[in-house]
Amino acid sequence: MTITADESRTYGYADLPGLMSLMTGDEKHGPAATSTLDVLWVLYDRVLRVTPELRDDPARDRFLLSKGHGPMAYYAVLAAKGFVPVDWLPGFGSYDSPLGHHPDRVLVPGAEIGSGSLGHGLPIAVGSALGLRAQGLHDPAVWVLIGDAELDEGSNHEAIAFAGPAGLDRLHTIVVDNSSASHALPGGIAARFEAAGWSAVTVDGRDHEALYDAFTAPHPGRPHVVVARVEPKNA
């Protein structure tokens, strides 16, 4: 496991609950944040090719947090990896803090998009993958994390239907499934993507090795989705 230095100390996965505990307030969407913690850590620790020093490099991987409400886990991982100072965390959600209740790409180093309004991240990720292809940048990967409830939004289904036939094989979607969607998908979430030509894997969203294997599975010529199942929101 990689650990990252921040000034005089290092941070690993075991430190994330402590970092999250620094962020207080009444509008935290706690279950929304904790559901993404393991996915975010495995991505930033072992998969994404992006560092604080390379966050503006055209060759970097792009990570888009569409599930932007309840971003404490995201901020904790960004702090652990050196993108934002740890001493920003206690100010989370305050009037003059850059760490708002929804991430702002202008204020948060390393954030690729402003998010929180459900249904936008996957369509933006499709556009990002198309833009990189048009520029001849075929190596950077685009990753987007969405919640299962976002699949209630029609914009996501348009993006899913487009990306498969377009062969956007640098596009990766993670659906954190905590059983919060209002409308069930026949055959499950993965089946919806597979019907549109995607590669799909469903795993335990708390199992780091299973997540890593799913994130790095080959999917030539097709976009890839990982459905990460976690405990139900109200469990």
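The values are calculated or read from the model by the stated rules, or taken from the named source; none is laboratory data. Treat the numbers as computed from the prediction; the structure is a model and nothing was measured. Here the Cβ positions follow ideal geometry from the backbone for every residue, glycine too, while neighbour counts run over all protein chains shown. To get the accessible areas, we keep the full protein, side chains included, count just its heavy atoms, and leave off ligands, DNA and RNA. Shrake-Rupley method; radii C 1.70, N 1.55, O 1.52, S 1.80 Å.
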Could you list, in sequence order, the residues of segment 62-108 that are over 16 Å from V42 (Cα atoms), modelled with pLDDT of 95 or more and buried (at least 23 other Cβ atoms within 10 Å of the Cβ)? V84
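Condition first: among the small types (G, A, S), closer than 21 Å to L22 by Cα and in a loop (DSSP other than H, G, I, E, B). Now tell me which residues in segment 89-115 satisfy that. First the steps, then the outcome.
In the first step, residues of segment 89-115 are kept if they are among the small types (G, A, S); the result is 91, 93-94, 97, 100, 110-111, 114-115.
Subset that is closer than 21 Å to L22 by Cα: 91, 93-94, 97, 100, 110-111.
Selection gives G93, S94, S97, G100, G110, A111.
Go over the candidates A14, A111, A59 one by one and state the one that is open to solvent by 30 Å² or more (accessible area, probe 1.4 Å), within 22 Å of V176 (Cβ to Cβ), modelled with pLDDT of 95 or more and of a type in the set (A, V, I, L, M).
Step by step, each of A14, A111, A59 is checked, and only A14 is open to solvent by 30 Å² or more (accessible area, probe 1.4 Å), within 22 Å of V176 (Cβ to Cβ), modelled with pLDDT of 95 or more and of a type in the set (A, V, I, L, M).
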Quick one: A210 ticks every box in (1) over 20 Å from I113 (Cβ atoms); (2) among the aliphatic types (A, V, I, L, M); (3) at pLDDT below 95 bar one, so which box is it? (3)
(1) in contact with a Leu (Cβ under 6 Å, 6 or more places away or on another chain); (2) within 28 Å of D152 (Cα to Cα): which one isn't true of P71, the others all being true? (1)
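I'd like the residue in segment 114-126 that is surrounded by fewer than 21 Cβ atoms within 10 Å (Cβ to Cβ) and modelled with pLDDT of 95 or more and, out of all such residues, is nearest to W198 (Cα to Cα). It would help to see each step written out before you state the result.
Keep residues of segment 114-126 that are surrounded by fewer than 21 Cβ atoms within 10 Å (Cβ to Cβ), which gives 114, 116-119, 123-124.
Narrowing further to those that are modelled with pLDDT of 95 or more: 123-124.
Details: P123: 15, I124: 17 Å.
Here the answer is P123.
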Inside segment 62-88, the number of residues satisfying the requirement of being part of a loop (DSSP other than H, G, I, E, B) and either among the acidic types (D, E) or at positive phi (or both) is 2
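Mind telling me which of the residues E158, E153 ends up being modelled with pLDDT of 90 or more and among the acidic types (D, E)?
Details: E153 fails: modelled with pLDDT of 90 or more.
It is E158.
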Considering only segment 106-129, how many residues are in contact (Cβ under 8 Å) with a residue 12 or more places away in the chain and farther than 17 Å from S66 by Cβ? 1
V142 fails exactly one of the following numbered conditions: (1) under 21 Å from D57 (Cβ atoms); (2) touching a Pro at 6+ places or on another chain (Cβ under 8 Å); (3) buried (at least 21 other Cβ atoms within 10 Å of the Cβ). What is the number of that condition? (2)
(1) of a type in the set (A, V, I, L, M, F, W, C); (2) surrounded by 17 or more Cβ atoms within 10 Å (Cβ to Cβ); (3) touching a helix residue (DSSP H, G or I) at 6+ places or on another chain (Cβ under 9 Å): which one isn't true of L137, the others all being true? (2)
